[in-house]
Amino acid sequence: MTDANVSDTWQPLRSKMLVYEQGPQLTVLVDPDHPDMWQQEPYCSDLQAWANAGNKIGKYVILFCGDEVRKIAPV
């Protein structure tokens, strides 16, 4: 992700995730060798915040890890 507001912790080599936008969808690809990485902090909180913010403007967050596909639901 090349957004200046996103922390360096989201760099793919560190986070084990690749994040990119596709229209209204924010796509998160999790390295299948590190399937639980997205549930650790600060990633879990960031994903939830992105889902909450996106929901207000018609966007959403989809996470892919191996064969698993999950929508991060806003709260």
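Taking θ as phi - 60° and the Karplus parameters 6.51, -1.76 and 1.60, the scalar couplings of the stretch 60-75 work out to 8, 10, 10, 10, 10, 9, x, 8, 8, 10, 9, 8, 7, 7, x, 10 Hz in sequence order, x denoting glycine and proline.
Extending 7 Å from Cα along the Cβ direction at ARG70 and again at GLN11 yields two label points whose distance is 2.6 nm. Once you list every other residue whose beta carbon is under 14 Å from the beta carbon of GLN40, what net charge do they have if Lys and Arg are +1 and Asp and Glu are -1? Spelling it out: positives minus negatives among the neighbours equals -2.
Of all alpha-carbon pairs in the chain, indicate the percentage at a distance above 20 angstrom. Can you show the working numbers first?
Working: 599 of 2775 pairs.
Cα-Cα pairs of the chain separated by over 20 Å account for 22 percent.
Bridges between two residues of the chain, per DSSP, are antiparallel at a rate of about 65%.
Rounded to the nearest 10 degrees, the angle from helix 43-55 to the longest Cα principal axis of the chain is 20 degrees.
Laboratory data are not the source of any read-out in this text; all were calculated from the coordinates shown. Being a predicted model, the structure only gives us computed values, none of them experimental. Cβ: placed from backbone, ideal geometry, glycine included. Neighbour counts: every protein chain shown.
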